[in-house]
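Heads up, the thing below is written out as C-alpha cells.
The values are calculated or read from the model by the stated rules, or taken from the named source; none is laboratory data. Note that the structure is predicted; figures quoted are calculated from it, not measured. Here the Cβ positions follow ideal geometry from the backbone for every residue, glycine too, while neighbour counts run over all protein chains shown. Keep in mind that these areas ignore ligands, DNA and RNA; they rest on the heavy atoms of the full protein, side chains included. Shrake-Rupley method; radii C 1.70, N 1.55, O 1.52, S 1.80 Å.
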Amino acid sequence: MKDPASFEEKFKAVIEEAKKDSRSEVPLHEWDKQGYAYDGKKAPAWNGSDVVDTIERVHCRDLTVEDFVEKYEKRGRPVIIKGIADGWPAMERWTLERLEKEYRNEIFKVGEDDDGYRISIKMKYFMEYLRTNKDDSPLYIFDSKVAKKKGKREEKHHHRITDDFEVPKYFREDLLQYAGKSHRPPYRWFLVGPKRSGTNVHIDPLGTSAWNTLISGRKRWVVFPFATKKSYIKPGAKVLGDGEAITWFSKLIPQTRKPEWPTHRPIEFIQYPGETIFVPGGLWHAVLNIDDTVAITQNYCSSTNFEEVFWKFLKSQRKLAMKAADAMKNDHPSLYAVAQRLIEKREERREQKRKKEGEWEREMVTKKLKLTLKMGREEEEEVEKERVGKKGSEQEEGGSSESSRSGSGSGSDESDE
C-alpha cells in the first residue's frame, strides 16, 4: 500500500519539474495568474457557453466513403461524423478511472522542454494533477507513441492502446506509411486533457488532414476558412500574450465576431463524446478542452491531398520522401508518377539554387580578390614611398659628412702647408 505522504511529496516534485521544463519562462506561482479557474467572467472563454455551433453533422450509417471523399475531403469541408466509435472498446476502457488503474506506472508525454525533448510523467501523477489543478493552461497528455503503451488490466493480460479503436473507414488510405514505420513523422496521438488545456491555432504538419474522435468530455473547436491570413489569427505576443490556447480563445474569438473582422468568420462548434471531427489539410484551427477529456487523433495523407503533402514532405525530408515514392511505385503507379514529377521539380529548383549560390559565391570571391589586389597595390605604393623617402634621407646625410670630411681635409692640408 502506498504511503500517502510519500506519494504527495513525489507528486508535487514531479509536477513542478514538468512545469518548469515545459514553460521555463513562467514562474510556478504564475501558472494560475489569470484566474480562469476562478473568475466567472472569464469562464465563457473555455466553457463553451458562448459558442454558436455551425458545424455540419452526419451519421456514419448515412455516409459512404465515396460520398465523404466527394462532399468533404475534395472540397475541404470540415464535418463531424457520428457513430464511428460505437462498439469501440475505448468507449468503455478509456474512462479516467480505468486509465489511471491500467496505465498507472506508464509514462506519457505532457510537453517538450526548450530544446525540444519530451517531458513525460507517470499516469498516476498526471491523473492526480488533472483532478486538483487550477492552472490557466494545464499540462496535457499528447503522446504519439501509443502503439508502445501497454498496461495490466484486471483480467491479468496486457493490451495496447491501439487495440481499443480502429481507424475509421473514411481515413484508411495512409500514404505516409510508405516512408516506413520507424521513419515516418509522428502522425497519431493519444490525448488526455484537463479542462482549460488545449492547442493554440495551427495548421497540421505537412498539409495533412486529420480526424479526432472524442471518447469522453467536451472539446471546443474553431476552424478558419482557407482564405484566412495568418496575420489575422496570429497577431503576435503583444496582442495574445503568452500564446496559450485559452488566452488565444479569450482574446481572439471575440474579435472574429465584430463587424470589422476583415475576413470570413470561422466555424465554431462543440465536439461531444463519440463524435469524430474531420479537419481538412491546410485549415487553421484551435481546440480547447471544456471538460476533462480523452481522445484519439491521427493525421493522414490520402490520394486527395497527396500532391500537397508530398511536396512539403519533399522539402522537409527529401531523402525519406524519395524513398517513400519508390516504395509506393507498385501499389500506386499514378501517385508514383505525381511524386516523380514533384521530385524533378524540386531537383530543378535545388539546381537553380546551387547555381545562384555559386554565382553569388563567385561574385564574392571576385570582389574579395579585387579588394585584396587594391589593398596590395596601396600597400606597395606606401612601401615604395617609404623606400624612396628613406633613400633620399640617406643621400642627404651622406652629402653632409663628405663635405665635412672634405672641409677637414682641406684645413688640414692648409695647416700642413
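Counting just the residues of segment 76-115 that are part of a strand (DSSP E or B) and among the basic types (Lys, Arg), which one comes out least open to solvent (accessible area, probe 1.4 Å)? Step through it out loud before you land on a result.
First, the residues of segment 76-115 that are part of a strand (DSSP E or B): 79-82, 107-112.
Right, trim to among the basic types (Lys, Arg) and you get 82, 109.
Numbers: Lys82: 77, Lys109: 38 Å².
So, considering only residues that are part of a strand (DSSP E or B) and among the basic types (Lys, Arg), the one least open to solvent (accessible area, probe 1.4 Å) is Lys109.
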Within the set of pairs 6 or more residues apart or between chains, which connect a residue that is on the phi > 0 side of the Ramachandran plot inside segment 235-247 to a residue that is open to solvent by 30 Å² or more (accessible area, probe 1.4 Å) and not polar (S, T, N, Q) with Cβ atoms less than 8 Å apart? Gly241/Lys251; Gly243/Ala237
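At least 1 residues that are open to solvent by 40 Å² or more (accessible area, probe 1.4 Å) and over 28 Å from Leu314 (Cβ atoms) in each: list the strands (runs of 3 or more DSSP E) lying fully within segment 196-296 that qualify. Walk me through it before giving the result.
Details: elements: 198-202, 209-216, 219-223, 267-271, 276-279, 285-289.
Passing ranges, in order: 267-271.
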Mind listing whichever residues of segment 24-63 are part of a loop (DSSP other than H, G, I, E, B), within 16 Å of Asp113 (Cβ to Cβ) and open to solvent by 30 Å² or more (accessible area, probe 1.4 Å)? Ser24, Glu25
Over segment 250-275, the set of residues under 23 Å from the mean Cα position of the chain (by Cα), at pLDDT below 95 and not small (Gly, Ala, Ser) is Lys251, Leu252, Ile253
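Does Val58 qualify as being touching a helix residue (DSSP H, G or I) at 6+ places or on another chain (Cβ under 8 Å) and of a type in the set (Val, Ile, Thr)? Show your work before the answer.
On the way: touching a helix residue (DSSP H, G or I) at 6+ places or on another chain (Cβ under 8 Å): no; of a type in the set (Val, Ile, Thr): yes.
So Val58 fails the test.
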With respect to Glu66, determine if the residue is surrounded by fewer than 17 Cβ atoms within 10 Å (Cβ to Cβ) and under 19 Å from Phe226 (Cα atoms). no
From the list Glu244, Glu260, which residue is over 24 Å from Pro205 (Cβ atoms) and among the acidic types (Asp, Glu)? Glu260
Can you report the number of residues in segment 316-356 which are farther than 23 Å from His183 by Cα and crowded, with 16+ Cβ neighbours inside 10 Å? 0
Selection from segment 210-249 of residues among the β-branched types (Val, Ile, Thr) and over 22 Å from the mean Cα position of the chain (by Cα) yields Ile215
Please determine, by comparing only the residues of segment 240-249 that are of a type outside the set (A, V, I, L, M) and out of contact with any helix residue (DSSP H, G or I) (no Cβ under 8 Å at 6 or more places or on another chain), which one is modelled with the highest pLDDT. Glu244
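Yes or no, residue by residue, for (1) closer than 23 Å to Leu139 by Cα; (2) acidic (Asp, Glu):
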position	(1), (2)
Thr228	no, no
Ile233	no, no
Glu268	no, yes
Gln271	yes, no
Glu275	no, yes
His285	yes, no
Val294	yes, no
